[in-house]
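Engineer: Okay, handing you the structure first.
The values are calculated or read from the model by the stated rules, or taken from the named source; none is laboratory data. None of these values were measured; they are calculated from a predicted model. Every residue, glycine as well, gets a Cβ built from its backbone with ideal geometry; the counts of neighbours run over all protein chains shown. Just so you know, the surface numbers come from the protein's heavy atoms only, side chains and all, with ligands and any DNA or RNA stripped out. Shrake-Rupley method; radii C 1.70, N 1.55, O 1.52, S 1.80 Å.
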Amino acid sequence: VQLQASGGGLVQAGGSLRLSCAASGRTFSIYEMGWFRQAPGKEREFVAAVRTTDGNTYYADLVKGRFTISRDNVKDTVYLHMNSLKLEDTAVYYCAAVRGFSLVDTNIKNINYWGKGTQVTVSS
């Protein structure tokens, strides 16, 4: 499975961005897809995930109510709609996918697939 992320950029605080992650290859094996982020000097952290089987979504507390994850099964693409962006949302965002277990609370070392990061910068 290959993951291609896109959509990062520079936005002012309070603005919005949409990230996309397109999966290719053996996509039928994917159980969950989602996003992590890593700010300078910090560990990579979970942001949001969507389960491919039932569409259930999961969010980190820091982004609940502001970010929405959605999927397009026909295109094998997951989107992260980010609204009301804050300075602290600045980070490199990574798309991730796993087979057979949840992205939530998992050790990032266990994640099966990663996309290249896309930079999101929120300015004041």
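Engineer: Among the numbered criteria (1) touching a strand residue (DSSP E or B) at 6+ places or on another chain (Cβ under 6 Å); (2) surrounded by 14 or more Cβ atoms within 10 Å (Cβ to Cβ); (3) not acidic (Asp, Glu), which single criterion is violated by GLN119?
Structural biologist: Here GLN119 meets the rest and fails (2).
Engineer: Would you point out the residue of the stretch 93-105, among those that are buried (at least 18 other Cβ atoms within 10 Å of the Cβ) and either in contact with a helix residue (DSSP H, G or I) (Cβ under 7 Å, 6 or more places away or on another chain) or among the aliphatic types (A, V, I, L, M) (or both), that is nearest to ASN56 (Cα to Cα)?
Structural biologist: Ranking the qualifying residues of the stretch 93-105, first place goes to LEU103.
Engineer: Still on this model: Which pairs do you get when a residue that is more than 13 Å from ALA96 (Cα to Cα), found in the stretch 32-50, comes within reach of a residue that is open to solvent by 40 Å² or more (accessible area, probe 1.4 Å) and among the aliphatic types (A, V, I, L, M), reach meaning Cβ atoms under 9 angstrom, with the pair 6+ apart or on two chains?
Structural biologist: GLU43/ILE108
Engineer: Would you check which residues across the stretch 1-31 are open to solvent by 40 Å² or more (accessible area, probe 1.4 Å), hydroxyl-bearing (Ser, Thr, Tyr) and over 17 Å from SER123 (Cα atoms) and list them?
Structural biologist: Once the filter is applied, which keeps residues that are open to solvent by 40 Å² or more (accessible area, probe 1.4 Å), hydroxyl-bearing (Ser, Thr, Tyr) and over 17 Å from SER123 (Cα atoms), the stretch 1-31 yields SER6, SER24, TYR31.
Engineer: Can you tell me which residue within the stretch 41-85, out of those that are closer than 16 Å to GLN119 by Cβ and over 12 Å from the mean Cα position of the chain (by Cα), is surrounded by the fewest Cβ atoms within 10 Å (Cβ to Cβ)?
Structural biologist: If we take residues in the stretch 41-85 being closer than 16 Å to GLN119 by Cβ and over 12 Å from the mean Cα position of the chain (by Cα), then GLY41 is surrounded by the fewest Cβ atoms within 10 Å (Cβ to Cβ).
Engineer: Could you run through the stretch 80-124 and say how many residues are of a type in the set (A, V, I, L, M, F, W, C) and assigned to a loop (DSSP other than H, G, I, E, B)?
Structural biologist: 5
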